Amino acid sequence: MHKKKVCHISSLHPAKDHRIYFKECMSLAKQGFDTHLILCNREASNEDGVQVHNITFKSTDRINRIKKALTYCLTKAVEIDADIYHLHDPELLMIAGQLKKKGKVVIYDAHEDVPIQMLNKGYIPKALRKPAANLYKRFEARVCRKVDACLVASPSMIPRFESYTKTVGIFNFPEWKRANEVNWSDREQAISYIGTLTDTRGIYDILEAIKDLDLKFYLAGNWHDPNFEKKCRNHPSWKKVEFLGYIDQEKIYEILGKVKAGLSMLHPLPNYVRAYTGKMFEYMAAGVPVIISNFDLWEDLLDKAKCGVSCDPHDHSKLRALIHEMLTDDQKASKLGLSGQLASKSDFCWESEEKKLTELYNSF
């Protein structure tokens, strides 16, 4: 019996991206697919059943990088000669047609709602953002109508992509087997935020809210703006921070086993309010109550899972009160944590998404 060869391609993501490598590629390898991954300027490897092919090149600017990435990725993809190609970046839609002409199955994986993102991109002049977003949406529609399937990481994107082609929601839920179980009495008077470190992710708002609280703040992730990093480090609350930098999945769950609340105080930008934040599900899987922004989509999940509380990220007084409550009311906090953990196991774990992914691949 022919063992299906599948090839994931990313021109932008890191070598061990959680969605691409740890979830999708490793899941497919586990299910018996001959699994390959093409990356640009990353480290090649062959482990976990996933063969990573690295393409190395130098670029002088954004346009030059895209041109080189498309050329080299397509060349390597043709060389691998897979049955199914899985594209992970919007720019890679430009090679979808050439792969289809070779009789290949092509899947596009929409990690983010790009037209919405473009409305907030600083490198696009403000007057051009809406026209650029509309232009991209037309390009996306034209190409996606020709691919075999689209995957989306957010429920809000499903209707748009369903108008193009077969669409499956594959959400970034954590693997249940990684979930931690730590007695509440063994936890520290501590909170955590793990993720991208930017102003719009609410890091400074958390520092403002904890000024008068006696706690430890575990902070992990990569800074994207040196000026914002300096601003945070100069905040009086920084002395309460244990900064960890970028940490892997195992370290994430070690930290979540120490804290009494996990925070995700994203600002109400269009691309945030319409999408789940993956870290919320990691907090739930680890039995940690969540304190999140009061977006409708997120509050609907709170209503269903009974796993935490929400507030306006700019309401520092309210945020302070919610943090204080999680640190001092062990009965309530532990109940919310347990409820979130149970919901994670039944409804919000990667195992359910893996099943959908495998079923899609087996349908071709």
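The values are calculated or read from the model by the stated rules, or taken from the named source; none is laboratory data. Quick caveat: nothing in here was measured; it's all calculated off a predicted structure. In this analysis, Cβ positions are derived from the backbone assuming ideal geometry, glycine residues included, and neighbour counts consider all displayed protein chains. Areas reflect the complete protein model, heavy atoms only, side chains present, ligands, DNA and RNA absent. Shrake-Rupley method; radii C 1.70, N 1.55, O 1.52, S 1.80 Å.
Each residue in the stretch 232-253 was checked for being in a helix (DSSP H, G or I) and surrounded by 15 or more Cβ atoms within 10 Å (Cβ to Cβ), and 5 of them qualify. Applying a threshold of 6 Å to beta carbon distances and a minimum spacing of six or more residues, or different chains, the list of pairs starting in the stretch 289-315 at a residue that is at pLDDT 95 or above and ending at one that is part of a strand (DSSP E or B) and among the hydroxyl-bearing types (Ser, Thr, Tyr) reads ILE292/SER264; ILE292/SER310; ASN294/SER310; PRO313/SER293.
Can you tell me which residue in the stretch 106-126 is most open to solvent (accessible area, probe 1.4 Å), limited to those that are in contact with a strand residue (DSSP E or B) (Cβ under 9 Å, 6 or more places away or on another chain) and touching a residue at least 60 places away in the same chain (Cβ under 8 Å)? So that I can check it myself, show each step before the final result.
Just the residues of the stretch 106-126 that are in contact with a strand residue (DSSP E or B) (Cβ under 9 Å, 6 or more places away or on another chain), to begin with: 106-111, 113.
Checking which are touching a residue at least 60 places away in the same chain (Cβ under 8 Å) leaves us with 107, 109, 111, 113.
Details: ILE107: 0, ASP109: 1, HIS111: 37, ASP113: 15 Å².
Applying the filter and picking the extreme gives HIS111.
For the condition open to solvent by 60 Å² or more (accessible area, probe 1.4 Å) and closer than 18 Å to GLU175 by Cβ, LEU342 qualifies. Scanning the stretch 24-60 for residues that are assigned to a strand (DSSP E or B), among the polar types (S, T, N, Q) and surrounded by fewer than 16 Cβ atoms within 10 Å (Cβ to Cβ) returns ASN46, ASN54. Screening GLY262 with (1) buried (at least 17 other Cβ atoms within 10 Å of the Cβ); (2) free of Cβ contacts under 8 Å to residues at least 60 places away in the same chain gives one miss only, at (2). For the stretch 175-195, a residue qualifies if it is out of contact with any Ser or Thr (no Cβ under 6 Å at 6 or more places or on another chain) and either aromatic (Phe, Trp, Tyr) or farther than 28 Å from THR328 by Cα (or both), and the qualifying residues are GLU175, TRP176, LYS177, TYR193. When ASP81, ASP148 are screened for being under 25 Å from the mean Cα position of the chain (by Cα), among the acidic types (Asp, Glu) and open to solvent by 40 Å² or more (accessible area, probe 1.4 Å), only ASP148 passes. Kindly establish whether SER185 is in contact with a Gly (Cβ under 7 Å, 6 or more places away or on another chain), hydroxyl-bearing (Ser, Thr, Tyr) and under 30 Å from SER317 (Cα atoms). In short, no. Residue count for the stretch 326-336 satisfying the condition of being within 18 Å of PHE217 (Cα to Cα) and surrounded by 15 or more Cβ atoms within 10 Å (Cβ to Cβ): 3. Of the residues that make up the stretch 127-138, is at least one buried (at least 18 other Cβ atoms within 10 Å of the Cβ) and at pLDDT 95 or above? No, the stretch 127-138 has no match at all. Residues of the stretch 353-364 that are within 20 Å of PHE171 (Cα to Cα) and surrounded by fewer than 16 Cβ atoms within 10 Å (Cβ to Cβ): LYS355, LYS356, GLU359, ASN362, SER363.
Any residue that is assigned to a helix (DSSP H, G or I) and either open to solvent by 40 Å² or more (accessible area, probe 1.4 Å) or free of Cβ contacts under 8 Å to residues at least 40 places away in the same chain (or both) - is there at least one of those in the stretch 190-197?
From the stretch 190-197, those assigned to a helix (DSSP H, G or I) are none; that's our starting set.
No, the conditions are met nowhere in the stretch 190-197.
Mind checking whether some residue in the stretch 209-224 is in a loop (DSSP other than H, G, I, E, B), within 16 Å of PRO313 (Cα to Cα) and hydrophobic (A, V, I, L, M, F, W, C)? Steps first, answer last, please.
Within the stretch 209-224, the first condition is being in a loop (DSSP other than H, G, I, E, B), and the residues that meet it are 210-215, 221-222, 224.
From what is left, the residues that are within 16 Å of PRO313 (Cα to Cα) are 210-211.
Remaining after also requiring hydrophobic (A, V, I, L, M, F, W, C): 210.
There is at least one residue in the stretch 209-224 that is in a loop (DSSP other than H, G, I, E, B), within 16 Å of PRO313 (Cα to Cα) and hydrophobic (A, V, I, L, M, F, W, C).
Taken together, GLU175, GLU162, GLU188, GLU181 contain a single residue that is under 20 Å from the mean Cα position of the chain (by Cα) and more than 15 Å from GLU112 (Cβ to Cβ), which is GLU175.
Which one of these is in contact with a Phe, Trp or Tyr (Cβ under 8 Å, 6 or more places away or on another chain) and open to solvent by 10 Å² or more (accessible area, probe 1.4 Å): PRO289, PRO268? Write out each step before concluding.
Details: PRO289 fails: open to solvent by 10 Å² or more (accessible area, probe 1.4 Å).
One residue alone meets the criteria, PRO268.
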